[in-house]
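One structure is given here, and the rest of the page talks about it.
The values are calculated or read from the model by the stated rules, or taken from the named source; none is laboratory data. Every value quoted in this text rests on a predicted model; they were computed, and no experiment measured them. Counting neighbours? That spans all protein chains shown, and the Cβs are built from the backbone with ideal geometry, glycine included.
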Amino acid sequence: MTEHSQASKVAGPAAELARRYAAALYALAADRSLRDAIAEDLRQLRAQAVSDPLFRCLAEHPRLSTKQMVSAISKIAQILNVNPLTTRFLNVLAQHRRLAILDGVIEAYLNRLTAEKGERVAVVTSAQAMTPEQQDKLVAVLARQIEKGTISLSTSVDPALLGGLTVKLGPNFIDASVKGCLARLERVLKSPVTQKGAA
């Protein structure tokens with residue numbers, strides 16, 4: 001199974017706050033037998049809204065009024081045709097000016113859902129959108145790295161990687177991007193040993 005998303009950049013106290021909001025949403029979804037439906041809404045939000053720089057501007061703009069934030073997020077929810085529960089939750093975040101932690105909320109919610117299903121989430125960022133075939137191949141490779149359970153992908157696109165991809169699975173991080181290769185090459189070229197050899 002694959003998920004289209006953006007790796008969360010929410011950390012510190014904001015991450016704890018995001019987890020609390022996610023727990024509240026998860027409880028409401030579970031009571032209404034909507035856990036999977038809400039998860040699909042959140043995946044949509046990540047892939048089509050949260051990853052957009054314009055959304056970050058909306059979430060963090062100091063001059064936007066709360067009313068404007070609620071109006072904007074309601075329109076996004078309407079366009080994506082999400083569940084009414086998801087819409088109400090987004091409105092609550094906007095009313096409390098917490099849209100900036102939405103990515104962290106999504107990550108915490110999806111992590112809890114996949115954990116209860118015995119899945120593990122690999123956060124994948126690629127320079128270009130991966131095809132379904134590429135995603136299936138990556139899932140197969142990663143599945144061989146774990147002892148039990150299944151793998152789901154949380155994917156996002158970052159053209160700044162120039163090519164290739166990065167993968168985070170639990171504590172393990174693999175940087176197979178062109179950007180990462182160039183950064184490593186630059187460190188090697190700047191190292192004292194390299195400079196001494198070139199002298």
From (1) assigned to a loop (DSSP other than H, G, I, E, B); (2) surrounded by 13 or more Cβ atoms within 10 Å (Cβ to Cβ), pick out the condition that doesn't hold for E147.
(2)
Selection count, the stretch 128-137, where residues are surrounded by 12 or more Cβ atoms within 10 Å (Cβ to Cβ) and closer than 26 Å to P53 by Cβ:
5
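For (1) more than 30 Å from A23 (Cβ to Cβ); (2) among the β-branched types (V, I, T); (3) in contact with an Asp or Glu (Cβ under 6 Å, 6 or more places away or on another chain), each residue gets a yes or a no:
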site: Q145; (1), (2), (3): no, no, no
site: T166; (1), (2), (3): no, yes, yes
site: K179; (1), (2), (3): yes, no, no
site: L189; (1), (2), (3): yes, no, no
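For the stretch 79-98, how many residues meet the condition of being in a helix (DSSP H, G or I), within 16 Å of L42 (Cβ to Cβ) and either touching an Asp or Glu at 6+ places or on another chain (Cβ under 8 Å) or not β-branched (V, I, T) (or both)?
Selection size over the stretch 79-98: 10.
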E3 passes all but one of (1) closer than 30 Å to L142 by Cβ; (2) at pLDDT 95 or above; (3) acidic (D, E); which number fails?
(2)
Any residue in the stretch 118-133 that's outside any strand (DSSP E or B): show its pairings with residues that are crowded, with 19+ Cβ neighbours inside 10 Å at Cβ separation under 6 Å, as long as the two are six or more apart or on different chains.
A127/L161
Checking the condition in contact (Cβ under 8 Å) with a residue 12 or more places away in the chain, out of contact with any strand residue (DSSP E or B) (no Cβ under 8 Å at 6 or more places or on another chain) and either more than 28 Å from A176 (Cα to Cα) or surrounded by fewer than 20 Cβ atoms within 10 Å (Cβ to Cβ) (or both), which residue from Q95, Q68 passes?
Q95
Mind checking which residues of the stretch 114-126 are farther than 13 Å from I151 by Cβ and touching a helix residue (DSSP H, G or I) at 6+ places or on another chain (Cβ under 8 Å)?
T125, S126
Residue among L113, L161 that is without any contact (Cβ under 8 Å) to a residue 60 or more places away in the chain, buried (at least 17 other Cβ atoms within 10 Å of the Cβ) and not hydroxyl-bearing (S, T, Y)
L161
Quick one: in the stretch 152-199, of everything that is assigned to a helix (DSSP H, G or I), among the aliphatic types (A, V, I, L, M) and out of contact with any helix residue (DSSP H, G or I) (no Cβ under 7 Å at 6 or more places or on another chain), which residue is modelled with the lowest pLDDT?
A198
Those residues of the stretch 20-52 which are at pLDDT below 95, buried (at least 16 other Cβ atoms within 10 Å of the Cβ) and charged (D, E, K, R), in sequence order
R43, R46
Scope the stretch 21-59; condition out of contact with any helix residue (DSSP H, G or I) (no Cβ under 8 Å at 6 or more places or on another chain) and among the hydroxyl-bearing types (S, T, Y); matching residues
S33, S51
Hey, K148 basic (K, R) and modelled with pLDDT of 90 or more or not
no
Of the conditions (1) touching a helix residue (DSSP H, G or I) at 6+ places or on another chain (Cβ under 6 Å); (2) within 16 Å of L25 (Cα to Cα), the single one that N111 does not satisfy is (1)
